[in-house]
Amino acid sequence: MSTHLSQLAQLAAEISKSAKQLDEYLTTNNLPQPSFEIDAPVNYDYIVDPEARQAQLSLANAGRKLFLLMQSPTESFKFNVMTTIHTMGALQALGQFNVTEKVPFDKAISYDELASKTGLGLDMLTRCVRMASTSCIFQEKTPGYVSHTAMSKLLATEESTQAFITIAATEALPSIAKIAEALKSSPEGQVAPFDLAFGMPFFEHKKKNPAKSAVFAKVMAGTKKQNRGQEVVDVFDWDRFTGLLVDVGGSVGHLDAALAKQNPQLNFLTEDLPQLKEQAESYIQADGLSSQISFIAHDFFTPQPEQAKGANVYLLSHVIHDWPDQKCEEILRHVVKSMAPDSSLILVEALLPEPGQLDDYSEAIIRAHDMGMFNYLKAKQRSAKDLEKLMKLVDERLKIVKIVGPPTTRMNSVVEFAFRS
Ligand SMILES: C[S@@+](CC[C@H](N)C(=O)[O-])C[C@H]1O[C@@H](n2cnc3c(N)ncnc32)[C@H](O)[C@@H]1O
């Protein structure tokens, strides 16, 4: 008998091994089991042991691969494309009629009652809920009665998740449908699909539509809560630095606040657009950090202000992914001009991995962000090599001196540049 395992058997073995390992860790440490039920955890941040985290990731990756393998190429296209599009459609319809909020948390509700409470016709309500239920968003344990799962409850209670679905359905989908047209007019990607779908650039559209802008702000607030702050603090040795850190495009100073708490040897100057000044100052004050963090209104397409010159560290966190290369050069040139010979320039970004560096599941998340940046802003995520190339155009002497990237972190890689002759 051949000892060579088929791909099917390999994936199944990996799943079995990792599931056993993760289950033992959760049981031994008395931690909640993943589940679709309403009271299940909505994220797995409590899995802190690196081996258990690795087992969780292996399960997600091998599980997804096995799922794709078992569909067959023909079915895979149909299943994945159709279910994604129509689940998005169902969620958009249910969102419009506030269906998610009308499902009680403590019991099931009949479709009839839900239809009369929401105003969505019985037939369409049933069809949309049943479509969503196939992705574990709602469930129908008793025929004719809908109850929450962990996912539908998250949608009902977490406004940034709700906002994310709204933006995905009403802006990302119609925009990405224009990708071929955008690339036909500019094969180098100088036209954003969003501009064709909405007739104007992303931020202008938000300025003209305050309601859309408010929804987008909720998505951003959720992204910050989930992705930023503590991970950036934890993955990098910030305690090497003293003196002044200038956070270019630092929003309301949320990252500086997280850094300040663990680095009393640093002072911070948060720079962002003037409309954020009031919010930033009250945020910094509420955190009791006014003596360590100051906010200054500054447009990063103009020279750095006097207070920011010769700082020890310049930080640009998730800033340059918003811009095409030429614009990034402009932003970076202004920063570099104000650096001292021993200043450090630190970029925090979701670094694109090199081929084979990450599992497919993790890479898919970063690649989706990259395509999203193009879709909305004709911008991009970059690899460490891309950043190196970009920086070389700004100043040949700037070299990468340290990287903390994938797989240590997926969304918050830290790349440090310094002058080296
Ligand atoms: C994706 S957010 C990143 C915020 C923060 N650094 C972080 O990591 O969460 C990009 C930031 O760039 C700011 N920004 C956009 N255009 C700017 C400009 N011309 N000058 C200064 N800041 C700008 C935005 O207001 C926003 O806070």
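The values are calculated or read from the model by the stated rules, or taken from the named source; none is laboratory data. These figures come from a predicted structure and were not determined experimentally. Because the Cβ atoms are built from the backbone with ideal geometry, glycine has one as well, and the counts that use them run over all protein chains shown. Keep in mind that these areas ignore ligands, DNA and RNA; they rest on the heavy atoms of the full protein, side chains included. Shrake-Rupley method; radii C 1.70, N 1.55, O 1.52, S 1.80 Å.
For the range 311-333, check the following and say yes or no: at least one residue is free of Cβ contacts under 8 Å to residues at least 40 places away in the same chain, open to solvent by less than 60 Å² (accessible area, probe 1.4 Å) and assigned by TED's automatic domain parsing to the domain that holds residue 413. No: the range 311-333 contains no residue that is free of Cβ contacts under 8 Å to residues at least 40 places away in the same chain, open to solvent by less than 60 Å² (accessible area, probe 1.4 Å) and assigned by TED's automatic domain parsing to the domain that holds residue 413. The residue pairs whose first member lies in the range 241-266 and is closer than 18 Å to residue 338 by Cβ and in the same structural domain as residue 296 (by TED's automatic domain parsing), whose second member is more than 11 Å from the ligand (Cβ to nearest atom) and among the hydroxyl-bearing types (Ser, Thr, Tyr), and whose beta carbons are closer than 6 Å, counting only pairs six or more residues apart or on different chains, are 246/314. Restricting attention to the range 102-111, the residues that are farther than 21 Å from residue 158 by Cβ and free of Cβ contacts under 8 Å to residues at least 12 places away in the same chain add up to 0.
Take the residues of the range 1-15 that are loosely packed, with under 12 Cβ neighbours inside 10 Å, modelled with pLDDT of 95 or more and not aliphatic (A, V, I, L, M): which is farthest from residue 63 (Cα to Cα)? Taking the candidates together, the pick is 6. Contact map, the range 194-221: first residue under 19 Å from residue 318 (Cα atoms), second residue of a type outside the set (Ser, Thr, Tyr) and part of a loop (DSSP other than H, G, I, E, B), Cβ cut-off under 8 Å, separation 6 or more or different chains; pairs are 202/192.
If the condition is being open to solvent by 30 Å² or more (accessible area, probe 1.4 Å), farther than 24 Å from residue 281 by Cβ and in contact with a strand residue (DSSP E or B) (Cβ under 7 Å, 6 or more places away or on another chain), then the range 235-253 contributes 235, 242. Restricting attention to the range 53-102, the residues that are in contact with a helix residue (DSSP H, G or I) (Cβ under 9 Å, 6 or more places away or on another chain) and not in a helix (DSSP H, G or I) total 2. With respect to (1) open to solvent by 50 Å² or more (accessible area, probe 1.4 Å); (2) closer than 18 Å to residue 361 by Cα, the lone exception for residue 59 is condition (1). In the range 170-269, counting only helices (runs of 4 or more DSSP H) that sit wholly within it, the ones holding 2 or more residues that are more than 16 Å from the ligand (Cβ to nearest atom), out of contact with any His (no Cβ under 6 Å at 6 or more places or on another chain) and of a type outside the set (S, T, N, Q) span 173-176, 179-185, 193-198, 210-227.
Would you tally the residues in the range 153-178 being free of Cβ contacts under 8 Å to residues at least 60 places away in the same chain and more than 17 Å from the chain's Cα centre (by Cα)? Final tally of qualifying residues: 5. For the range 298-311, the candidate set comprises residues that are more than 9 Å from the ligand (Cβ to nearest atom) and not in a helix (DSSP H, G or I); within that set, the residue that is farthest from residue 239 (Cα to Cα) is 303.
Taking the range 334-350 as the range and being buried (at least 18 other Cβ atoms within 10 Å of the Cβ), modelled with pLDDT of 95 or more and among the aliphatic types (A, V, I, L, M) as the test, the residues that pass are 335, 336, 339, 345, 346, 347, 348.
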